1. Among the residues of segment 2-10, are any touching a Cys at 6+ places or on another chain (Cβ under 6 Å), surrounded by fewer than 21 Cβ atoms within 10 Å (Cβ to Cβ) and under 24 Å from residue 107 (Cβ atoms)?
2. Name the pairs whose Cβ atoms lie under 6 Å apart, with the first residue in segment 146-169 and closer than 16 Å to residue 73 by Cβ and polar (S, T, N, Q), the second open to solvent by less than 70 Å² (accessible area, probe 1.4 Å) and at pLDDT 95 or above, and 6 or more positions between them or separate chains?
3. Only residues in segment 1-28 that are farther than 17 Å from residue 83 by Cβ and in contact (Cβ under 8 Å) with a residue 12 or more places away in the chain count as the first member; pair them with residues that are of a type in the set (Ser, Thr, Tyr) and open to solvent by less than 40 Å² (accessible area, probe 1.4 Å), Cβ under 6 angstrom, at least 6 apart or cross-chain, and list the lot.
4. Restricting attention to strands (runs of 3 or more DSSP E) lying wholly within segment 50-169, give those where 3 or more residues are hydrophobic (A, V, I, L, M, F, W, C) and open to solvent by 50 Å² or more (accessible area, probe 1.4 Å).
Amino acid sequence: MKRIGILSDTHSCWDDRYALYFADCDEIWHAGDIGDIALLERLEGIGPTVRAVRGNIDHGPVSRRCPELLIFTVEEVKVLLTHIGGYPGKWSPGMKKLLREEGIRLMVDGHSHILRVMYDHQLQLLHINPGAAGRQGWQKQRTLVRLTIDGADMRDCEVIELSPQTPAS
């Protein structure tokens, strides 16, 4: 059983609550627009495994270190992590084909700053966009997601809202 912490679109914004909410996670996944490599390094100080992809604002060290797309397996669930992927009914060009060919069961992306947890019945996969954890952008609510993967089962998906009144550090 693995507990997963998911975030995206931090845009270099560190918040101490990332460490608070992800402290019990086995893995942390960042779906791009990290911003500063120091943020990724701070995430690595929280959990034993950090997986991250670069987003459209990521350059320099982040771009060199993080690929555009990761495909990996956690427990018995094949995962695709990327920054721009779309969502059920509106996948990015070529994404639906890739998801089908790879047998993906969990697709995680960011970019839109819109929190989405949706099941694609046609592809039989769960799609998660954790929304934006950073302050850059138009979103009114900053969010994180936690999820448990146990064998082939994905459960206990929870959305964490980061109150805008609490300052980030």
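1. Checked segment 2-10: at least one residue is touching a Cys at 6+ places or on another chain (Cβ under 6 Å), surrounded by fewer than 21 Cβ atoms within 10 Å (Cβ to Cβ) and under 24 Å from residue 107 (Cβ atoms).
2. Pairs found: 148/3.
3. 3/148
4. On the way: elements: 69-74, 77-82, 106-108, 115-120, 125-130, 142-150, 153-162.
Qualifying strands (runs of 3 or more DSSP E): 115-120, 153-162.
The values are calculated or read from the model by the stated rules, or taken from the named source; none is laboratory data. Note that the coordinates shown come from a computational prediction; the quantities given were computed from them, not determined experimentally. Please note: Cβ atoms are built from the backbone with ideal geometry, for glycine as well, and neighbour counts cover all protein chains shown. All accessible areas refer to the heavy atoms of the entire protein, side chains included, with ligands and DNA or RNA removed. Shrake-Rupley method; radii C 1.70, N 1.55, O 1.52, S 1.80 Å.
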